[in-house]
Amino acid sequence: MKASTLALNLIFAFLVLIISSCGEAPIGMTPVVDIYGVWVEANQISDLTIFNKTSGLDSNKLGLIFYEGFELLERNNAGWCETSPISYQNYNGNWKLERDSIVNITVGYWGGIRNYSFRIISLNATEMKIKYQ
């Protein structure tokens, strides 16, 4: 009787271990929790955009705040004109991380609502590199 109880406990522990290991972040990417926070555009190199993690948005740069619950605040152009000086405004939206490192964003902007996606190329505690899709 004790041997069968021990065997059942071992099987249960093994199943819990297997189930808890599912849903890991994609290979080559740190867990999604690293995306939470404030990101300000730092540089663009060819089709790669680099964001730095900061304590707050810059009033004169593109920025994103990823909140838990998949809510988003995006600082972007306040109007259609992209010549200096550019005025920026905050827009509310939502985001979703797909399994293959794709982030889908739905956000307001000066002309209505827009949807766009980008692939996370690399992500760590201080820097995020992306390619827009």
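Scanning residues 5 or more positions from Leu62 or on other chains, those with amide H under 5 Å from its amide H are Glu41, with H placed 1.01 Å from N in the peptide plane. Coupling constants for region 64-77 follow from the phi torsions by the Karplus curve (6.51 cos²θ - 1.76 cosθ + 1.60, θ = phi - 60°), and in residue order they are 9, 10, 9, 9, 4, x, 6, 9, 9, 10, 10, 9, 8, 3 Hz; glycine and proline get x. Rounded, prolate or oblate: pick one for region 27-132, where a ≥ b ≥ c are the square roots of the eigenvalues of its C-alpha gyration tensor, a/c under 1.5 means rounded, and failing that, prolate if a/b is larger than b/c, else oblate. In terms of gyration-tensor shape, prolate. Once R0 is set to 25 Å, what does the formula 1/(1 + (r/R0)^6) return for the Cβ-Cβ distance between Gln44 and Glu68, expressed as a FRET efficiency to the nearest 0.05? Computed FRET efficiency for Gln44 and Glu68: 0.35.
With the cut-off at under 19 Å, measuring from each backbone N in region 101-133 to a point 7 Å along the Cα-to-Cβ line of Ile86 picks out 105-119, 128-133.
Values quoted throughout were computed directly from the atomic coordinates according to the rules given, and no laboratory measurement underlies them. Computed from a predicted model, the values in this text were never measured in an experiment. Counting neighbours? That spans all protein chains shown, and the Cβs are built from the backbone with ideal geometry, glycine included.
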